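Below is one structure, written out as structure tokens; the observations come after it.
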Amino acid sequence: MSFSFKQSGLATCMNVTNSGFHKRLISTICSRSSFSPCLNLQNPERRNLSVSKPLHISSIEKINEKKPVFECKAYEADKSQPIEVEVKSEAAKRLKIGIYFATWWALNVVFNIYNKKVLNAYPYPWLTSTLSLACGSLMMLISWATRIAETPKTDFEFWKTLFPVAVAHTIGHVAATVSMSKVAVSFTHIIKSGEPAFSVLVSRFLLGETFPPSVYLSLVPIIGGCALAAVTELNFNMTGFMGAMISNFAFVLRNIFSKKGMKGKSVSGMNYYACLSLLSLLILTPFAVAVEGPQMWAAGWQKALSEIGPQFIWWVAAQSIFYHLYNQVSYMSLDEISPLTFSVGNTMKRISVIVSSIIIFHTPVQPINALGATIAILGTFLYSQ
């Protein structure tokens with residue numbers, strides 16, 4: 001015996017007159033139904049089933065005499081095939097994030113290589129930092145003018161909240177460049193892997209936030225690993241070390257200001273970083289002129305061209321372009337993923353930069369130094385978890 005019930009509206013009425021059939025149907029629906037809670041049909045005066053969406057009872061079949069007599073299978077009629085669509089959507093999102101991460105890491109590795117080459121031949125980190133921001137700002141102004149990228153809709157309040165972010169970004173950018181002009185790229189990034197420790201300390205003492213003991217315990221290998229790597233660094237330089245430390249502190253402040261300032265804003269990650277570059281360029285330029293100056297820049301430029309040749313110009317252009325591109329992709333990634341996933345991705349990025357720079361620049365590394373770097377990076381990964 002089989003029956004079929006179909007429902008096209010928001011409510012379904014079932015009238016059952018046979019009492020035996022009625023009792024068996026009640027017990028079966030309560031025990032075998034795929035939807036919850038159990039339908040209450042005990043009151044013969046109330047035989048209406050009310051649901052918020054259309055319901056389709058596909059079949060009621062007699063199984064055998066030893067098992068419940070009827071089996072009900074139900075599903076929402078307007079969502080009969082949602083699983084396949086959701087799976088495809090999730091797979092597409094994972095692929096997109098994977099492409100973002102791979103592009104982000106690759107661009108960052110290329111930037112660090114060319115940036116170090118420029119700084120080795122042209123040791124003017126303030127001008128180098130300024131050129132990076134200027135190149136990115138010019139690229140985005142052209143993109144907006146030609147409508148390649150959508151022009152962001154901003155107001156005075158947006159720029160006001162962006163200003164402290166830009167100040168912190170400028171300090172962090174210059175400090176990191178100063179560090180890489182004095183020490184190996186790998187050493188700078190080992191010290192910068194200690195950024196989570198600064199994040200916890202700033203949040204605890206400046207913002208009054210509290211963390212579980214596991215977070216504080218994860219800082220032990222980070223701090224210990226960075227200290228071990230610093231002590232055993234063959235080419236240790238205090239200016240380079242302090243530059244990386246200041247960069248950590250500045251970027252933590254930048255992240256905090258970004259979270260506060262961007263609440264409710266509709267500017268995309270790409271345009272947000274473009275606006276950040278423009279404002280940082282305006283802040284940095286007068287300080288770069290005051291610290292180094294055009295005379296030093298001109299003399300150093302002539303010396304670099306005579307030693308390296310015309311390819312030095314390409315090095316400067318490449319480090320400026322790739323700096324903007326890798327930061328832009330990282331902000332686009334942050335639009336698509338959670339801060340936790342972004343943190344893990346940032347940790348993996350540092351590993352790729354450290355390994356590639358050691359290989360390309362033939363940086364001498366002692367086993368104890370490599371152990372310190374490994375401990376610090378492992379601690380960073382544990383912190384992100």
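The values are calculated or read from the model by the stated rules, or taken from the named source; none is laboratory data. Every value quoted in this text rests on a predicted model; they were computed, and no experiment measured them. A quick note on method: Cβ atoms are made from the backbone with ideal geometry, for glycine too, and the neighbour counts reach across all protein chains shown. Ligands, DNA and RNA are excluded from the accessible area calculation, which covers all protein heavy atoms including side chains. Shrake-Rupley method; radii C 1.70, N 1.55, O 1.52, S 1.80 Å.
Observations
- His362 - accessible surface, heavy atoms, 1.4 Å probe, Å² rounded to 10: 150
- Centre-to-centre, using Cα atoms only, the stretch 346-385 and the stretch 169-210 are separated by 15 Å.
- Per-residue packing, averaged as other Cβ atoms within 10 Å, sorts the ranges 186-196, 365-375, 162-172 into the order 186-196, 162-172, 365-375, beginning with the highest.
- Placing dummy labels 7 Å off each Cα toward the beta-carbon, the span from Val215 to Ser89 is 3.2 nm.
- The 1.4 Å probe gives accessible areas that order Leu119, Leu325, largest first, as Leu325, Leu119.
- Within-14-Å neighbourhood charge of Asn108 [Cβ basis; K, R +1; D, E -1]: +4
- Computed over neighbours whose Cβ is under 13 Å from that of Phe198, the net charge equals +2, Lys and Arg +1, Asp and Glu -1.
- Cα centroid separation - the stretch 298-329 against the stretch 134-165, whole Å: 24
- Accessible surface of the stretch 107-384 [probe 1.4 Å, protein heavy atoms]: carbon and sulfur percent: 70
- Of Arg94, Arg350, the order by accessible heavy-atom surface (1.4 Å probe, DNA, RNA and ligands excluded), from most exposed downward, is Arg94, Arg350.
- Mean Cα-pair separation over length for the stretch 107-384, i.e. relative contact order, pairs under 8 Å, 6 or more apart, %: 41
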